[in-house]
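Notes for the one structure printed next.
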Amino acid sequence: MRTQRKADMRRLRTLATATAALVVVGLGISPVAHADPLDSADTHAHTSDMVADPFYEPPADLPAQPGAVVRTQPVTIPATLPGADGAWPAAATRMMFTSRDVHDAPAAVTTMVIEESGPWRGPGERPTVVIAPGTTGQGNHCAISLAAPSGLWAGVDPDPFLSANQELVSAAKWHAMGARVVVTDYIGLGTPRIHSYVDRVETGRAVLDAARAARALAGASSPLLLAGYSQGGGATAAAAELHPTYAPELDLRGAWAGAPVADLQQVLRQIDGTLIGGVIGWSVNGMVDRYPELRTVVGAALSDHGRATLASLETKCIADVIFSSPFLRTSDLTVDGRSLDQWIAGDPLARAVLDDQKLGRLTPTAPVLITSSPNDDTVPYGQARALADDWCAAGGDVTFRSTPVPALAPGWTLPDHFGPLIHDTMIHDEVTPWLISTLDGGGRFGCSVA
């Protein structure tokens, strides 16, 4: 057993290195200026309005219908991995569609639809697989649809930025099987507005509306599968529980929520001071933008340094956060040395906004697989397990699996948070077979926890 575990860890490190090395570089320049989201009552008159490409500028009259296709653009995706047996370069369509924000107003979202290139190799009808990306950033140039064709999107804004197509492996895998693959952005990524980082309503709706738009583009329906990890895991979990009321017409067969952000307060508390602690600023920026009434408590909490840091983070991608502000502690951003979590806990309105982000109060009607590692140093295992318990208690169809990856470098995120992803989807891939097994739509899995 010990020998096997050592071998698995060697394979994990090798795959992680190879995946990073095989991405092909592309370049994009997006000149914008920094601004403080707390400086003005008009939270949209700053960098979040600057788009990296004219395609991402929505029309003045945005269709109100969720999932309506606004515009499309043909794209070729040359970036792939050795051994992928689909047809590459892949033909794809970059698409803008309508979703609904947390206040139910129309919002533009973009996505990449990778067209099928061969017969479906699984059971039944060819599925549409919507991949909800993990954390990419808050700047508009962090949209994964920008990085998808070449593998990377880089430039200066005026600071250097770097955004990678981190869903390359999963997209290539499903494409090689003959599925129709959709890799969606979220509200405020690519398009104007601040991205509402890990907002359950907006990310969940974006996933479902991407499926609606892909169906409209194809002119036909198909069985739907959802897949995501980390921020993407929270988005697929949110989509699964929103599906019965928000998009019941979609033929959702199964969803995988890997390391889902189910209880945002627990996640923010855990990542404070870790390698990617700066992403807390994205969540705060997004909440202040969507709930301007939070300006008072956040404005009172932040020092001048804290305000400047949050303004800078608004244009950062995840790689930029790792290089520019690793191990950021929010206690260093406040006027009195208390963490932002402590400030929020002391304000009833802020607590209510954060509490509304908790998943598990609605129940999916399609089977959901949740995976999580007890040693995840970024998205706590306990809140993922609690989500499974809540859904099971409400009659949901849930399979929960613990990922047996040992703690390697707590606080450094990459091995202990992304290691389980590599384990579950590459070394011992149980996710893909599980999702495929849901396509017959003929039975229930029940509740299973292991």
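The values are calculated or read from the model by the stated rules, or taken from the named source; none is laboratory data. Remember, predicted model here, so these are calculated numbers, not experimental data. Here the Cβ is made from the backbone with ideal geometry for all residues, glycine too, and neighbour counts use every protein chain on show. We work out accessible area using only protein heavy atoms, side chains counted, and drop any ligands, DNA or RNA first. Shrake-Rupley method; radii C 1.70, N 1.55, O 1.52, S 1.80 Å.
At-a-glance table
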quantity: Filtered residue count, the stretch 216-252, keeping only those that are surrounded by 21 or more Cβ atoms within 10 Å (Cβ to Cβ) and either in contact with a Cys (Cβ under 9 Å, 6 or more places away or on another chain) or of a type in the set (D, E, K, R) (or both); calculated: 1
quantity: Top-ranked residue in the stretch 149-164 [being assigned to a loop (DSSP other than H, G, I, E, B) and out of contact with any Ser or Thr (no Cβ under 8 Å at 6 or more places or on another chain); ranked as least open to solvent (accessible area, probe 1.4 Å)]; calculated: Gly151
quantity: Positions within the stretch 328-345 being hydrophobic (A, V, I, L, M, F, W, C) and within 19 Å of Gln138 (Cβ to Cβ), in sequence order; calculated: Leu328, Leu333, Leu340, Ile344
quantity: Residue within the stretch 101-110 that is within 23 Å of Val261 (Cβ to Cβ), of a type in the set (D, E, K, R) and open to solvent by less than 40 Å² (accessible area, probe 1.4 Å) present; calculated: yes
quantity: Subset tally (residues that are under 30 Å from Pro223 (Cα atoms), hydrophobic (A, V, I, L, M, F, W, C) and open to solvent by less than 60 Å² (accessible area, probe 1.4 Å)) for the stretch 345-389; calculated: 10
quantity: Identity of the residue in the stretch 83-100, modelled with pLDDT of 95 or more, surrounded by fewer than 24 Cβ atoms within 10 Å (Cβ to Cβ) and not basic (Lys, Arg), that ends up farthest from His195 (Cα to Cα); calculated: Thr93
quantity: Which listed residue is among the small types (Gly, Ala, Ser), farther than 27 Å from Pro415 by Cβ and touching a helix residue (DSSP H, G or I) at 6+ places or on another chain (Cβ under 8 Å), from Gly234, Gly228, Gly204; calculated: Gly204
quantity: Filtered residues of the stretch 394-439 (kept if in a loop (DSSP other than H, G, I, E, B) and within 19 Å of the chain's Cα centre (by Cα)); calculated: Thr413
quantity: So Val181, is it more than 12 Å from the chain's Cα centre (by Cα) and touching a residue at least 40 places away in the same chain (Cβ under 8 Å); calculated: yes
